[in-house]
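Heads up, the thing below is written out as structure tokens.
Computed from the coordinates by the stated procedures, all read-outs in this text should not be read as laboratory data. Here the structure is a predicted model, which means the values were calculated and not measured. When we count neighbours, we look across all protein chains shown, and the Cβ atoms used for this are built from the backbone with ideal geometry, even at glycine.
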């Protein structure tokens, strides 16, 4: 199978390919049109869903792409592959699959990790009456940023130098943690979690509310990119608590080593050129979903990060910062059509999802296996007919690596 054919170059192409694959399979599709934003070509921006399987399934595999905008190029390709490669025919008894395509359609279309309000949707699931405390260091980081609607090489170099001074002053991990934990004070800053639930978050809540009350379990699979771990594999970020039965279940599905916090931290730190542990997080979508569906369903899973070759740590830091600043720039300018905009768009596209065919083939081969493992895990969960506080008895799931 030629897997690279599932990758696209624009949001519009990805949406059309996803809907065509879903309809060909006989999935029930639904679209949620953005109330205020349009695609660069003037067309509607939508979050699209595809439902395969019984409405009253005991377990629903919730598969998401595009939470972080252009990371949707990888996630969309993985979803389209699953719709086309026979993974869903037939489905295991008691299992349904719900695919959410382009949860952040604005970010997907305009090549920005953030949404139309500069909000990181994976920091937006908090109680806005009791907002998380932002590290005091963030004020100094914010002061180092260039104007939100400007980007050029001199501004980037100046920002890098000012950040380097803060690293010298506070240490690398403190700076990285302040940048990525999520902040709720500076709307034009990096990692802004918003001041209210964003449109995409409300759409996700509506999608979840349509899941039948007979469904007791949700297997959660959220495709992201790009961590340069240097490993010929993905990075598995399980967001269940390590001391509960749901985490044990995820270990059974994805492999104990893959979700072990120490192993994940090693890959994560290498891939982002960091030292120290994984940074803290606020407003993670899976945690918000867990609270939202707690009365009816429990949730197991997390984020799967596509990976790429390991780079020099300094080069990785520069690439990561550049990607974030470009995301902020595109939010505020929406310029992806001028000569400068096209150059930056193409650079960003490569940062979030490489166009190398060999990389795409290998990455989707891994994605196929991970999806199959998650589906097999959902099948075993449905067959057990147990409640959420039960530790799974199975020790190994049988999964075919290829179809």
Gaussian network model of the chain, Cα springs within a sub-10 Å range: biggest mean-square fluctuation belongs to which of 115, 210, 296?
-> 210
Using a ≥ b ≥ c from the Cα gyration tensor of the range 295-354 (square roots of the eigenvalues), is it rounded, prolate or oblate, where a/c under 1.5 gives rounded and otherwise the larger of a/b and b/c decides, a/b for prolate?
-> oblate
Within 10 Å of each residue's Cβ, count the other Cβ atoms and sort 120, 335, 232, 48 from fewest upward.
-> 232, 335, 48, 120
In whole angstrom, note down how far apart the Cα centers of the range 13-70 and the range 291-315 are.
-> 20
When 125, 287 are arranged by how many other beta-carbons sit within 10 Å of their Cβ, fewest first, they go 287, 125
Would you mind getting me the FRET efficiency between residue 136 and residue 214? Use the beta-carbon distance for r and R0 = 51 Å, nearest 0.05.
-> 0.60
Which label in (i) 41, 23, 20; (ii) 32, 23, 21; (iii) 58, 26, 17 gives the computed semi-axes √(5λ) of the Cα gyration tensor in Å | (ii)
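By count of other Cβ within 10 Å, fewest leading, how are 29, 307, 333 ordered?
29, 333, 307
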Percent of alpha carbon pairs in the range 6-109 separated by more than 25 Å?
-> 17
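To check you understand DSSP bridge types, tell me what percent of the beta bridges within the chain (both residues inside) are antiparallel, rounded to 5.
40
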If each of residue 295 and residue 243 carries a label point 7 Å out from its Cα toward its Cβ, how far apart are those two points in nm?
-> 2.9
For the range 66-217, what is the convex hull volume of its Cα atoms per residue in Å³?
-> 154
Could you tell me which of rounded, prolate or oblate describes the range 210-260, using a ≥ b ≥ c as the square roots of the eigenvalues of the alpha-carbon gyration tensor, with rounded for a/c under 1.5 and, failing that, prolate when a/b is larger than b/c and oblate otherwise?
-> oblate
May I ask you to work out the translational diffusion coefficient for the range 65-142 at 20 °C, viscosity 1.002 mPa s, via Stokes-Einstein with Rh from the Kirkwood sum over Cα pairs, reported in whole µm²/s?
-> 143
For the range 177-240 and the range 80-139, what is the separation of their C-alpha centers, rounded to whole Å?
-> 5
Return the distance in nm (one decimal) between the two label points of a simple spin-label model at residue 342 and residue 231, each offset 7 Å from Cα along Cα→Cβ.
-> 4.0
